[in-house]
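All remarks here apply to the structure that follows.
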Amino acid sequence: MTAGAASDSVPLPWSLRGGALVLSVRLTPKSARDEIGAVDHLSDGRAVLKARVRAAPQDGEANAALIKLIAKTLRIPATAIRLESGATARVKTLVLKGDAQALEAALVCAAGARG
C-alpha cells in the first residue's frame, strides 16, 4: 500500500511530499515504555500514529526521544528525521528523508496497519 493508494475511508498518518515522507504522530510522554502504537484518528478525522516515550515533555526531551524511537524503529539515522511542527503539542508532524517506499513499509509493520 502506498500513501497515494490509500482509500478515502482509511486515511493514513503519512503522506509523500517532495521525495520525503511526512508523518503525523500523537505523542504521549512520561509513559512506562517507549513504543510505537497503532494508527488512530483524532476527533477532526485526521489520522495519527500513536507513540509513547518515557521522557518528560520538558526542554525538548520527549521530542528527542520520539525522533530516536522513530529512527530506531525504521532503521534510519535520527538526522534523517526533522520535527516540522508541534514542538510543544501532543500532535506532531515529522519529515522523514530516505527511501519513501521502504519507510512506508516499515511504518505499516510498526503500526500493525493492514493494507
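The slack in the chain from Thr93 to Arg17, taken as 0.36 nm per residue of separation less the alpha-carbon distance, amounts to 26.1 nm.
Amide H contacts for Glu84 (H built 1.01 Å from N in the peptide plane; partners 5 or more residues away or on another chain; cut-off under 5 Å): Thr93, Leu94, Val95. Ellipticity at 222 nm from helices only: DSSP H runs of n ≥ 4 in the chain, each -39500 (n - 2.57), divided by the residue count, give -7000 deg cm²/dmol. Between Arg75 and Asp34, the modelled label-to-label distance comes to 1.8 nm, taking each label 7 Å out from Cα in the direction of the beta carbon. Across the chain, the mean sequence separation of Cα contacts (distance under 8 Å, 6 or more residues apart), normalised by length, yields a relative contact order of 29 percent. Sorted into 5 angstrom bins from 0, the C-alpha pair distances of the range 3-111 split as 2, 13, 25, 28, 20, 10, 3, 0 percent. The packing ranking, built from the mean of other Cβ atoms within 10 Å per residue, places the peptides 97-106, 70-79 in the order 97-106, 70-79, highest first. Descending by average beta-carbon neighbour count within 10 Å, the peptides 43-52, 82-91 line up as 43-52, 82-91, the highest first. Here the dipole of the chain is about 260 debye; that uses its Cα centre as origin and unit charges on the Cβ of Lys and Arg (positive) and Asp and Glu (negative).
Excluding Asn63 itself, what net charge comes from residues whose Cβ is under 12 Å from its Cβ, given Lys and Arg +1 and Asp and Glu -1? Each step should come with its number before you reach the end.
Working: positive: Lys68, Arg82, Arg90, Lys92; negative: Asp59, Glu61, Glu84.
It works out to a net charge of +1.
Along the range 32-39 the Karplus relation, 6.51 cos²θ - 1.76 cosθ + 1.60 evaluated at θ = phi - 60°, assigns HN-Hα couplings of 6, 8, 8, 7, 8, x, 8, 6 Hz to successive residues, with x for each Gly and Pro.
Values quoted throughout were computed directly from the atomic coordinates according to the rules given, and no laboratory measurement underlies them. This structure is a prediction, so every number in the text was calculated from the model and none was measured. Counting neighbours? That spans all protein chains shown, and the Cβs are built from the backbone with ideal geometry, glycine included.
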